[in-house]
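*Asks:* Below you'll find the structure I mean.
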Amino acid sequence: MYRERPAGVAGAVLWTSSAPAHPRPVRVLPDGCLDLLWSSRAGLLVAGPDRTAHLSTSAPAEHWVGLRLPPGVGPAVFGVPAVELRDKRVPLADLWGARATRLLADQAADAAVGRGAADAGLYEVGTLLATVAVRRLRTAGGADPRGLRMAAALAAGATVAETAARAGLDQRSLLRHSRHLFGYGPKTLARILRMRRALALARAGMSLAEVAARAGYADQAHLTREVRALAGVPPTALLTP
């Protein structure tokens, strides 16, 4: 069971997931985001930005709560460049220290069990994660506004040169800022965001040939190659219920 709701950070999403008695690996597609995670088994973790799909595995009946931060926001919350977390899942204590993490872990555990019903408890954990993230974001002075402009431009299909101009950077500085804020260069982020835009169009009922044209691929074969490279499977596999 997977659910999403808005978080108290602009563009962020709180999500919860509960594994069944016999869970299967879940394919998590790259999105340029960093997630603050709480697991009923593993505790507090950070999921860095992935370059390709990550196969997530859960223990039977394991509960997850995640705060998915929009591209460019994670480094201000976690205090490290996104590139240091790329393709990784790391304990939060490695970033914030054992003392601060232990306090948050205790609060999350109390919230999870204190409400009795699983859904209510997971909701409370999500609210706690969002509150902590907002506080740390304010302490850091907010997210880098250039990152938000860069992500918005690339998501809209702007070229690297156009994105650099909108952010007021030359292309070398754009690369450096992109690695810090997103974990990889602007071309990789653009590919990832274009794939997600294409899949959203396909899920809305558009044919793959039309999706390819609308999202800026050379043709449907190009779309299929790109999705396979980033997701590990062709688009048809991702669109099958």
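*Asks:* Please list the three semi-axes, largest first and in whole Å, of the ellipsoid equivalent to region 166-233, using sqrt of 5 times the eigenvalues of its alpha carbon gyration tensor.
*Replies:* 27, 12, 10
*Asks:* Which of the peptides 32-45, 65-78 is most tightly packed, and how do the rest follow, going by the mean number of other Cβ atoms within 10 Å of each residue?
*Replies:* 65-78, 32-45
*Asks:* May I pose another question? Which value results for Rg/Rh of region 148-199 when Rg is the Cα radius of gyration and Rh the Kirkwood radius based on the inverse mean 1/r? Don't skip to the answer; put the middle values down first.
*Replies:* On the way: Rg = 9.9 Å, Rh = 10.6 Å.
Rg/Rh: 0.94.
*Asks:* Using a 1.4 Å probe, what is the accessible area per residue for region 1-74, in Å²?
*Replies:* On a per-residue basis, 45 Å².
*Asks:* Percent of accessible area on the chain owned by carbon and sulfur, 1.4 Å probe? Walk me through the numbers on the way to the answer.
*Replies:* Working: 6510 of 11990 Å².
Its accessible area is 54 percent carbon and sulfur atoms.
*Asks:* Additional query: For region 114-241, what are the per-bin percents of Cα-Cα distances with bins 10 Å wide, up to the bin holding the maximum?
*Replies:* For region 114-241, the pair-distance distribution reads 12, 30, 26, 24, 8, 1.
*Asks:* From the helices alone, meaning DSSP H stretches of at least four residues, give me the mean residue ellipticity at 222 nm for the chain, per-run term -39500 (n - 2.57), in deg cm²/dmol to the nearest 500.
*Replies:* Here the helix-only value at 222 nm equals -15500 deg cm²/dmol.
*Asks:* Let me ask something else about it. Given R₀ = 35 Å, what would the calculated FRET efficiency be for Ser56 paired with Gln171, taking r from the Cβ atoms and rounding to 0.05? Could the numbers behind the result be given before it?
*Replies:* Details: r = 34 Å, r/R0 = 0.98.
Between Ser56 and Gln171 the formula returns 0.50.
*Asks:* Also, I was wondering about something else. Send over the semi-axes of region 1-159's equivalent ellipsoid, whole angstrom and largest first, taken as the square roots of 5 times the C-alpha gyration tensor eigenvalues. All intermediate terms of the calculation are to be shown ahead of the outcome.
*Replies:* Working: eigenvalues 125, 70, 42 Å².
For region 1-159, the semi-axes come out at 25, 19, 15 Å.
*Asks:* Which value, to two decimals, describes the C-alpha radius of gyration of region 39-91 once divided by 2.2 N^0.38 Å? Walk me through the intermediate numbers first.
*Replies:* Values: Rg = 11.9 Å, N = 53, 2.2 N^0.38 = 9.9 Å.
Normalised Rg, Cα atoms only: 1.20.
*Asks:* Along each of the three principal axes of the Cα atoms of region 1-80, give the extent in whole Å, ordering the values from largest to smallest.
*Replies:* Projected onto the principal axes, the Cα atoms of region 1-80 cover 36, 27, 19 Å.
*Asks:* Give me the Debye-computed log₁₀ of I(q)/I(0) at q = 0.20, 0.23, 0.26 Å⁻¹ for region 128-169, equal point scatterers on Cα only, no solvent, two decimals.
*Replies:* These q points yield log10 I(q)/I(0) values of -0.64, -0.70, -0.77.
*Asks:* Which whole-angstrom value gives the distance between the alpha carbon centres of region 178-202 and region 70-88?
*Replies:* Comparing the Cα centres of region 178-202 and region 70-88, I get a distance of 15 Å.
*Asks:* Follow-up. At each listed q (0.15, 0.20, 0.21 Å⁻¹), what is the log10 of I(q)/I(0) that the Debye formula gives for region 82-166 modelled as equal alpha-carbon point scatterers?
*Replies:* With no solvent term, the Cα-only Debye profile gives -0.80, -1.02, -1.05.
*Asks:* Just want to confirm a number: the relative contact order over the chain, from Cα pairs under 8 angstrom separated by 6+ residues, in percent.
*Replies:* 20
The values are calculated or read from the model by the stated rules, or taken from the named source; none is laboratory data. No experiment lies behind these values; they were computed from the predicted model shown. Neighbour counts run over all protein chains shown; Cβ positions are idealised from the backbone, glycine included. Quick note on the areas: whole protein, heavy atoms, side chains included, nothing else; ligands and nucleic acids left out. Shrake-Rupley method; radii C 1.70, N 1.55, O 1.52, S 1.80 Å.
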